[in-house]
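Before anything else, here's the structure in question.
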Amino acid sequence: MNIVFFSTNSNTFPHETFRITRAPLHRNEWEAVAKEFLEHRFTIVTQMPCMFLADIMTDGSILKAKGINYIICKENSVEEMCNVILEQKPDIALAVSFWQPPYDWNCLKDAMIAEALESYGIKTLCHSSQTMNICFNKIQTEEFLKSNGFRVPRSVHVSHELFWTERSHGEIKSNVYKEYVLSQIQALTFPVIIKDTVGLSSYGMEVARTYKEAVHYLRSGKTHSDRIVQEYIEGVQFGTEIYGSPGSYTILPPFAFSVNRFGITSPKQGIKVGPAKEDAENLRLKELYEMLNTLAQNLNLKGIAQVDLILSRDGWYILEVNPRLSGMTETYAACYRTTVSRMLVNLALGKNPFTNEPISVCNFKLPLISEEEQKKILSRPDVHFLRQTQNTLARQEREKGYCEIVFGRGKELSSLKEELFLLQKECPHLVDEGFLRQATGMIGLLDGTSKN
């Protein structure tokens with residue numbers, strides 16, 4: 001079978017500024033796949049930074065794996081990308097959509113390419129553009145979820161244009177829309193989360209603990225687009241991924257997410273611990289899996305999707321659906337003792353990518369570390385994965401980048417707790433007491449020894 005893995009990026013990628021190092025190398029993982037599946041031919045059609053598919057050198061070139069055909073495209077239109085893929089004469093084309101700030105819309109372009117390929121009779125594994133658009137716009141996501149009976153936080157949509165319409169219409173004496181929206185916000189239960197309707201991850205989120213704070217933020221110069229003002233749900237934040245097509249979905253057991261002092265997950269800091277144990281009755285997993293299977297069917301998911309969740313006293317809430325690979329993908333690969341490349345191949349072949357029994361792992365992010373520290377971390381037998389992302393032109397410390405690590409080797413969450421204590425003892429400058437306290441608390445929740 002001739003399999004094409006494809007993805008696009010609407011942004012420029014200045015490799016001179018952004019440096020991404022990963023261990024193990026994508027090249028090594030793809031070479032292992034090429035040797036394992038000798039009867040198939042693999043082609044990667046993508047654009048920089050080639051997330052999940054290739055390693056980038058400092059000069060902007062990529063490390064190529066033996067047995068894999070690479071096409072790094074500069075073309076950007078749907079028609080051009082479609083023609084490049086058609087030239088490979090694929091039996092199936094699988095979207096490996098990734099994200100790039102500020103807008104999480106690359107998967108929408110990939111869907112349009114898939115639909116163009118299907119018009120030529122090519123089989124694809126990619127969510128529809130309708131599904132992608134529902135998930136891209138948080139207002140549409142919320143309306144879809146509510147109309148299909150899923151639990152979502154109460155919220156108010158704020159149209160930026162109407163909220164400030166008096167600026168361009170001098171004849172307006174009082175902004176009735178603004179009065180209405182603010183009255184609706186005042187009726188919410190505080191605190192609230194204020195976020196962009198089409199933003200990426202937790203970037204640009206604001207927490208308002210009072211109505212006064214919410215009004216101040218909406219009237220400040222920080223808002224330049226539509227916003228959603230959403231009630232903050234008390235509970236524990238989780239994430240999961242869904243793989244497959246209608247009638248055959250694999251829903252992975254959830255990971256617990258840490259939150260920052262504002263009560264939200266941070267894309268550049270934070271901890272993921274999991275997977276949840278099936279016998280942890282406090283997590284209501286049967287309810288979760290039934291809900292996510294219904295979600296997948298109703299959204300007509302076809303490929304890979306990630307879901308952000310909160311478990312509250314009254315049940316599971318869906319916060320967001322990301323119809324693409326995610327920050328959890330490589331963590332799940334480590335958890336199931338496989339690689340992302342092998343997961344993708346099995347998905348393209350219609351096989352379950354997750355046949356191994358999972359081990360307990362922890363994903364955490366640190367400030368940038370030296371090459372010597374990276375080597376020391378990677379020498380540990382419990383470390384599966386390390387990626388460092390660096391912006392060499394950033395001035396503020398928080399914008400310079402981060403190092404992401406996935407570690408763990410035992411099946412039981414109790415063994416992960418022991419490994420955490422050992423890691424903290426051996427690397428106290430990397431793992432502080434606050435991190436240890438938060439991570440062990442999350443483990444207690446997942447294995448049922450503590451209540452949410």
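Given H placed 1.01 Å from N in the peptide plane, which residues other than close sequence neighbours of LEU94 have an amide H under 5 Å from its amide H?
VAL4, PHE5, PHE6, LEU125
If one computes the Cα centroid of segment 349-392 and of segment 181-223, what distance in Å separates the two points?
One Cα centre to the other: 35 Å.
Can I ask one more? Using the Kirkwood formula on the Cα atoms of segment 296-399, what hydrodynamic radius do you get, in angstrom to one decimal?
It works out to 16.8 Å.
Quick one: length gained pulling GLU371 to ASN2 fully straight, 0.36 nm per residue minus the C-alpha distance?
Residue separation times 0.36 nm, minus the Cα-Cα distance, leaves 129.0 nm.
In addition: Tabulate in residue order the Karplus-calculated ³J(HN,Hα) for segment 340-357, using 6.51 cos²θ - 1.76 cosθ + 1.60 with θ = phi - 60°, rounded to whole Hz; enter x for Gly and Pro.
For segment 340-357, the Karplus curve yields 4, 4, 5, 4, 5, 5, 4, 5, 5, 8, x, 9, 6, x, 10, 9, 6, 6 Hz.
Tell me the per residue accessible area of segment 218-301 using a 1.4 Å probe; a whole number in Å² is fine. Mind dumping the intermediate values first?
On the way: 3520 Å² over 84 residues.
That works out to 42 Å² for each residue.
Sticking with this one: Go through LEU393, LEU311 and list them by solvent-accessible area, largest first, probe radius 1.4 Å.
Numbers: LEU393 130, LEU311 0 Å².
Ranking LEU393, LEU311 by accessible area, largest first, yields LEU393, LEU311.
In addition: For ASN298 and GLU231, FRET efficiency with R0 = 30 Å and r from the beta-carbon atoms, rounded to 0.05?
My answer for the efficiency is 0.80.
Place a label point 7 angstrom from the Cα of GLN140 along the Cα-to-Cβ direction, then list the residues of segment 303-325 whose backbone nitrogen is under 13 Å away.
Counting only backbone N, you get 323.
Please give the per residue accessible area of segment 331-409, computed with a probe of 1.4 Å over protein heavy atoms only, in Å².
About 46 Å² of surface per residue is accessible.
Moving on to the next point. Ignoring ligands, DNA and RNA, how do GLU320, GLU399 rank by accessible area with a 1.4 Å probe, largest first?
I get GLU399, GLU320, largest accessible area first.
Report the full-extension gain for the segment LYS66 to PHE13: residue separation times 0.36 nm, less the Cα-Cα distance, to one decimal in nm.
On the way: separation 53, 0.36 × 53 = 19.08 nm, distance 2.52 nm.
Computed gain between LYS66 and PHE13 is 16.6 nm.
Further question: Round to the nearest 0.05 the FRET efficiency obtained for GLU426 and HIS169 when R0 = 56 Å and r is the Cβ-Cβ distance.
0.30
Right, another one. Taking the simple approach of a point 7 Å from Cα along Cα-to-Cβ for both LEU200 and LEU162, what is their distance in nm?
Simple spin-label model gives 3.0 nm for this pair.
List every residue whose amide H lies under 5 Å from the amide H of PHE238, counting only residues 5 or more places away in sequence or on a different chain, with H placed 1.01 Å from N in the peptide plane.
HN-HN under 5 Å from PHE238: PHE257, LEU309, ILE310, LEU311.
Oh, and also: Give me the percent of accessible area attributable to carbon and sulfur for the chain, probe 1.4 angstrom.
50 percent
How large is ³J(HN,Hα), in whole Hz, for each residue of segment 375-388 in order, when computed from phi with the Karplus curve 6.51 cos²θ - 1.76 cosθ + 1.60 and θ = phi - 60°, using x for Gly and Pro?
4, 5, 5, 5, 6, 6, x, 9, 9, 9, 7, 9, 9, 10
Taking a ≥ b ≥ c as the square roots of the eigenvalues of the Cα gyration tensor of segment 348-452, is the shape rounded (a/c under 1.5), prolate (a/b larger than b/c) or oblate?
Oblate, since a/c reaches 1.5 and b/c is not below a/b.
Shape call for segment 113-265 from the C-alpha gyration tensor, a ≥ b ≥ c root eigenvalues: rounded (a/c under 1.5), prolate (a/b greater than b/c) or oblate?
oblate
Would you mind getting the accessible area per residue of segment 27-146, heavy atoms of the protein chains only, 1.4 Å probe, in Å²?
Working: 5400 Å² over 120 residues.
Counting only protein heavy atoms, the per-residue value for segment 27-146 is 45 Å².
Related question: With label points built 7 Å along Cα→Cβ from the Cα atoms of ARG437 and SER414, find their separation and express it in nm.
Label at ARG437, label at SER414, 2.5 nm between them.
Let me ask another. For ALA187 and THR58 in one chain, what is 0.36 nm times their gap in residues minus the Cα-Cα distance, to one decimal in nm?
Answer, rounded to one decimal: 41.2 nm.
The values are calculated or read from the model by the stated rules, or taken from the named source; none is laboratory data. A quick note: this is a predicted structure, and the numbers were derived from the prediction, not measured. Virtual Cβ from ideal backbone geometry, glycine too; neighbours counted across all protein chains shown. Only protein heavy atoms, including side chains, enter the accessible area calculation; ligands, DNA and RNA are left aside. Shrake-Rupley method; radii C 1.70, N 1.55, O 1.52, S 1.80 Å.
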